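Data block below; observations after.
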Amino acid sequence: MAADPQLKQKVQELIAENPVLLFMKGTPETPRCGFSMRVVGVLEQLGVDYGAVDVLPALGPLREVTTEISDWQTFPQLYANGELVGGCDIVEEMLDSGELAEVLGVDQPTEVEPPEPQRILPGGPQQSPPMQLG
Amino acid sequence: MADLAELERMIAVALPGAEVEVLDEGGRDHLRARVAASQFEGLSRLEQHRLVRSAVRERFEDGSIHALSIETATPSR
């Protein structure tokens with residue numbers, strides 16, 4: 001079934017107007033799907049300004065639109081600079097690799113960097129137990 | 001509810017020679033697909049995921065898959 005041309009135009013305008021745009025189930029404040037919530041978490045972690053569209057009120061028609069625009073049927077969908085970045089898996093992988101910060105033009109947050117290896121305690125000679133007297 | 005073996009077949013048909021594994025991550029509609037395919041070489045992650053998703057599109061459309069996590073790789077040589 002072909003997408004509704006008016007809705008498609010509206011979606012294309014939103015993608016063009018918002019440098020970072022998330023199509024999600026629910027809202028950033030009240031996500032209605034774990035995957036959408038995870039992408040919101042990533043964007044919050046990066047401290048990036050983004051627009052969000054709740055797809056639930058028009059899930060079927062929006063699916064048809066994004067299929068035509070980006071050949072992608074599932075939500076969440078993150079767009080940056082007019083192009084589809086991906087869904088939850090891709091966004092999380094790109095966060096870990098630092099690619100996402102680059103695409104979004106922000107600094108990689110320090111807490112995402114691999115943790116420093118635990119400092120190995122100096123392995124001095126073990127204290128011998130106190131001698132038993134008597 | 002999805003038929004995992006059928007999904008593996010659908011992906012294998014779309015990507016001949018691929019190593020495919022589809023796992024249930026809960027309720028038989030939250031699934032994970034692990035796919036290693038030589039067809040992925042030179043493609044962006046987005047394009048790789050598209051190939052896998054489009055192979056099982058019908059099962060998204062009929063509601064038997066709610067969510068599909070995808071891991072893609074090119075076969076190790």
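The values are calculated or read from the model by the stated rules, or taken from the named source; none is laboratory data. Source: prediction; values computed, not measured. Neighbour counts are summed over all protein chains in view; Cβ atoms, including those assigned to glycine, are modelled from backbone coordinates with ideal geometry.
Comparison of A:11, A:91, A:85, A:42 shows that the only residue that is crowded, with 19+ Cβ neighbours inside 10 Å and in a strand (DSSP E or B) is A:85. How many residues, within region B:40-57, are within 11 Å of chain A (Cβ to nearest Cβ) and farther than 17 Å from residue A:92 by Cβ? Total meeting the criteria: 6. Evaluation of residue B:47 against the conditions (1) over 10 Å from the mean Cα position of the chain (by Cα); (2) in contact (Cβ under 8 Å) with a residue 12 or more places away in the chain shows that the sole unmet condition is (2).
It is to be established whether one or more residues within region A:99-106 are β-branched (Val, Ile, Thr), out of contact with any strand residue (DSSP E or B) (no Cβ under 8 Å at 6 or more places or on another chain) and modelled with pLDDT of 90 or more. Taking every residue of region A:99-106 in turn, at least one turns out to be β-branched (Val, Ile, Thr), out of contact with any strand residue (DSSP E or B) (no Cβ under 8 Å at 6 or more places or on another chain) and modelled with pLDDT of 90 or more. Contact map, region A:48-70: residues that are in contact (Cβ under 8 Å) with a residue 60 or more places away in the chain paired with residues that are part of a helix (DSSP H, G or I), Cβ distance under 8 Å, separation 6+ or inter-chain. Pairs shown: A:65/A:7; A:65/A:8; A:65/A:11; A:68/A:8; A:69/A:8; A:69/A:11; A:69/A:12; A:69/A:15. Across region A:45-68, the number of residues qualifying as part of a helix (DSSP H, G or I) and away from chain B (no Cβ under 13 Å) comes to 9.
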